[in-house]
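Only one structure is covered here, and it is reproduced in the block below.
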Amino acid sequence: MNLAIPTPGIRRRSVTGLWLRHAVSFVRYWKFVLTWVLIEPVIILVAVGFGVGKLVGTMDDGVSYAQFVTPGLIIGNAMFHALFETSWNAYNRIDNDVYETALTTPITILEITMGDILWAVTRSILTVVGTAIVAALFGWLNHWEAIGMIIPAIMVGITFGALGFLFSAVAPHTTFLTLVFTLVASPMFFFSGSFFPISILPDWVEPIAWAMPLTSAVHIGRGFALASLDITHLWAALYLIAVTAVLWPIAVFLLRRKLIS
Amino acid sequence: MTEELKQTGATNAAARNSGGSVIRVKKLRKLYGDLAAVDGITFSVEPGETYGLLGPNGAGKTTTMRMLSGLSPSNSGSIEVAGINVVKDNRAVREVMGVVTQHDGLDGGLTVFQNLFLFGFLAGLSRKDSKNRANEVLEFFGLRGRSKDNTYELSGGMKRRLAIARSMMTSPKVIVMDEPSTGLDPQSRNRVWEELAVLKDAGVTVLLSTHYMEEATILCDRLSIMDNGKILDEGTPDQMIEHHAPKEVAQLRVAPAALRTVRDYLTEREITYREVGALVSVTGLNGDRPDLSGLSDVEGVRTSYRAGNLEDVFLTITGRELRDG
């Protein structure tokens, strides 16, 4: 079949152009976006950190529960941002022919996913940095290594940005998209070591928890936040990269099937 | 503004197209399963020409337009735009060709101006050039006053014109438009036609699809009649009418109560007719007016005569109404 071969090469303008589109739209609606980026995660942080933290007291190694839960909540929240961008928002862009319009310029499907995932990374960084500053003011981030959380923030943006497309590219309607949260985001948020160490789960559940990509991201985030980095954090990073290497091509394939027919 | 469009309109499209047709489509075919949506069509569009694909919904017009703009893979055949092989290098084609898709595809998250500016940037213009060009096309399309509005606040006609304006951002020498005025009220449609006439004046080559007979007649230098994925005939609107349409068509507006009388009258005299809604059309026999004198006294019947048009051409060629689809 003609045109079956995707256009080769990567055009930088496609990626920056799409990113700029998202940034402009973001700035237009900054008041609403702020509730997502900062206010909501801080509310959860305060509720869990102060509230649950009071009940739990101190974890092993003399770390307070608030200190333990902070990186988990921050990275988990970043996942929601990345997923939302490429599932719900991308679905709307498909549905409103925004991508079709973009495709009348010299852009490719791969570049569309690159531009959108780059924006998912941007959102992830914004919310991680913003929430981390607030957490630091509360005294819940007290190692300078916590700055390194920007690394899992980027990885979360890429991995979950790619994952989100798997839903937007096949969703027949918006109701289908709720699966992103009921099947993916919420189970991960609660079972990926954000709120409690995975080691307290039954033995047979533990491997399942580790298979979820957010677990690795939270693990890395906590390694930086508590300045407790070791070789396991490197394995976690490699695992995330491997998952992304599988998800991204599938995302491109599905999106091409959706848009080029 | 026409001057400006002319000056900025010199892109590499012209450079690459050293003489000959701007668009060349040969034996183009597109299958959806067993169904041939486009079934081996061949046509070409000359520089500065406005060429129309006229046919009902489902004729394969949109699929053809999508294949031309690289939004849909073809099964076989070739497409060349400004000397570029669309099948092999569809990125390069999108650098030189403007596309107006069937749906406006406006970005609801952005203002009118931002829609144009960011499209221009994505298409490769510098920020400064894109900003200037956005203001130019807004001026030309009379949308300058709406530049800070959300796109969803615009009327249907304005949305359509904004979508056309967007395709002008890169000053392309060739534009492909899928049903430029479908769904618009008559006033907006006239406005779109006026603006397209100016583009034509500026030397822009336009390929458009339409199922409006009026649109094809007014805008197109040449056109193809398309049905069931095939091109049935091609020519200038005048040639097509001369070849395929009766010189004159009698139109009877018939009240429901008189319908039976009219049918009986025409059947008795073996006069062929067709009914479209409350309108009974009678084509002249060999250019002569059919004898309808017996109907002049029937209450509820008003008779008028009009010249043959592209609608009749379509009917003659396909045996169906253009508006069936």
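The values are calculated or read from the model by the stated rules, or taken from the named source; none is laboratory data. Note that the coordinates shown come from a computational prediction; the quantities given were computed from them, not determined experimentally. Reconstructed Cβ throughout: ideal geometry from the backbone, glycine too, with neighbour counts over all protein chains shown. With ligands, DNA and RNA removed, areas are computed over all heavy atoms of the protein, side chains included. Shrake-Rupley method; radii C 1.70, N 1.55, O 1.52, S 1.80 Å.
Picking from residues in region A:224-261 that are of a type outside the set (A, V, I, L, M, F, W, C) and within 19 Å of the chain's Cα centre (by Cα), the one that is nearest to the other protein chains (Cβ to nearest Cβ) is A:P249.
Quick check: is even one residue across region A:156-167 modelled with pLDDT of 95 or more, polar (S, T, N, Q) and under 21 Å from A:V37 (Cβ atoms)? Checked region A:156-167: at least one residue is modelled with pLDDT of 95 or more, polar (S, T, N, Q) and under 21 Å from A:V37 (Cβ atoms).
Being surrounded by 14 or more Cβ atoms within 10 Å (Cβ to Cβ) and charged (D, E, K, R) holds for only one residue in B:R253, B:R320, B:R260, and it is B:R253. The residue that is farthest from A:R11 (Cα to Cα), counting only those in region B:131-153 that are within 14 Å of chain A (Cβ to nearest Cβ) and open to solvent by less than 10 Å² (accessible area, probe 1.4 Å), is B:T151.
Considering every residue within region B:281-296, establish whether at least one is modelled with pLDDT of 80 or more, open to solvent by 40 Å² or more (accessible area, probe 1.4 Å) and not assigned by TED's automatic domain parsing to the domain that holds B:Y212. No: region B:281-296 contains no residue that is modelled with pLDDT of 80 or more, open to solvent by 40 Å² or more (accessible area, probe 1.4 Å) and not assigned by TED's automatic domain parsing to the domain that holds B:Y212.
Mind checking whether some residue in region A:164-177 is open to solvent by less than 30 Å² (accessible area, probe 1.4 Å), among the aromatic types (F, W, Y) and part of a helix (DSSP H, G or I)? Among the residues of region A:164-177, at least one is open to solvent by less than 30 Å² (accessible area, probe 1.4 Å), among the aromatic types (F, W, Y) and part of a helix (DSSP H, G or I), which makes the answer yes. Taking the conditions (1) among the hydrophobic types (A, V, I, L, M, F, W, C); (2) in a loop (DSSP other than H, G, I, E, B); (3) surrounded by 22 or more Cβ atoms within 10 Å (Cβ to Cβ) in turn, A:I10 satisfies each one other than (3). Where strands (runs of 3 or more DSSP E) sit wholly within region B:162-270, those with at least 2 residues that are at pLDDT below 90 and assigned by TED's automatic domain parsing to the domain that holds B:R302 occupy B:248-254. Within this structure, A:T16 fails the test of being free of Cβ contacts under 8 Å to residues at least 60 places away in the same chain, open to solvent by 50 Å² or more (accessible area, probe 1.4 Å) and either within 14 Å of chain B (Cβ to nearest Cβ) or in a helix (DSSP H, G or I) (or both). With respect to B:E275, determine if the residue is open to solvent by less than 90 Å² (accessible area, probe 1.4 Å) and assigned to a helix (DSSP H, G or I). Taking the combined requirement at face value, the residue does not satisfy it.
Cβ separations smaller than 7 Å between residues 6+ apart or across chains give the following pairs from region B:67-80 residues that are facing chain A (nearest Cβ under 8 Å) to residues that are among the β-branched types (V, I, T) and assigned to a loop (DSSP other than H, G, I, E, B): B:S69/A:T104; B:G70/B:V86; B:L71/A:I260; B:S72/A:I260; B:P73/A:I260; B:S74/B:V87. Residue selection: B:L54 satisfies the criterion of being closer than 24 Å to B:S181 by Cβ, touching a helix residue (DSSP H, G or I) at 6+ places or on another chain (Cβ under 6 Å) and not charged (D, E, K, R). Whenever a residue of region A:177-195 is without any contact (Cβ under 8 Å) to a residue 24 or more places away in the chain, it has no partner that is of a type in the set (D, E) lying with C-beta atoms less than 6 angstrom away and at least six residues away or across chains. Of the residues making up region A:178-206, those that are among the polar types (S, T, N, Q) and assigned to a loop (DSSP other than H, G, I, E, B) are A:S192, A:S194.
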